[in-house]
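A.B. asks: Mind having a look at this structure? Questions to follow.
Quick note: the coordinates plus some simple rules give every number you see, no bench work behind them. For clarity, every value in this text was computed on a predicted model and none was experimentally measured. Ideal geometry is used to build each Cβ from the backbone, glycine not excepted, and the neighbour counts take in all protein chains shown.
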Amino acid sequence: MRFAPRLSDERLFSWQVDLRLVIFAFVVLFGSLAAVACNRRATDDAGTGSAGERLQPVTNRIPASGILRRTVYVPIYSSLYLGRDINNDMVQLTSTLSVRNVSARFPVVIESVRYYDSHGRLVREHLPKPAELTALASVEFVVKEADTAGGPGANFLVKWSGPSGVDEPLIEAVMLGRSANAGISFTSVGRVITNEPQ
């Protein structure tokens with residue numbers, strides 16, 4: 001009668017330790033990849049739009065005496081109540097903030113683009129530093145449908161500046177969504193704030 005050779009206790013322990021190390025390495029590797037993917041998705045969500053493509057570094061500073069500076073409030077409806085009862089379900093919308101330089105002669109500088117929620121709390125700064133929008137160019141900043149941080153009373157504050165003779169840019173938002181078989185789309189126009197926040 002022949003018996004299969006048995007692994008010694010020392011070799012068996014070594015094999016078990018090696019297997020545990022391999023499993024641990026796989027867990028660490030996949031965990032790291034998942035964290036990178038989630039972080040990239042969050043960055044992509046926050047940076048959606050055409051700002052990276054169309055905004056330019058600020059080329060020339062305008063003398064303070066000949067500068068026009070404005071802050072524009074733009075209502076954003078990232079979600080809406082359905083039906084007459086506000087306890088009903090909500091529909092989530094994709095919102096696109098559009099800033100259009102209507103001047104054919106002058107660039108405008110977009111100083112900041114800040115997104116606030118229904119409570120007036122800052123959710124996101126969409127522009128890390130001032131940037132220039134060339135003559136007749138436009139730029140968009142997108143709040144995706146899945147981004148529910150703003151709520152139904154969200155808004156953008158857009159600060160811009162330009163030479164005193166510049167035409168004021170057109171700043172508005174377009175909201176799009178779907179509820180069952182019905183499509184939802186509408187716009188909201190920005191309003192200049194007289195008493196500008198600092």
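A.B. asks: Can you list the residues, at least 5 places off or on another chain, whose amide H is less than 5 Å from the amide H of residue 58, using H built in the peptide plane?
C.D. replies: The list, which skips near neighbours in sequence, is 132.
A.B. asks: In whole Hz, what ³J(HN,Hα) sequence does region 97-107 give by Karplus (6.51, -1.76, 1.60; θ = phi - 60°), x for Gly and Pro?
C.D. replies: Couplings: 8, 10, 10, 10, 7, 8, 7, 8, 10, 10, x Hz.
A.B. asks: Ranked from highest to lowest mean number of other Cβ atoms within 10 Å per residue, what is the order of the peptides 117-123, 75-81, 98-104?
C.D. replies: For the peptides 117-123, 75-81, 98-104, the packing ranking is 75-81, 98-104, 117-123.
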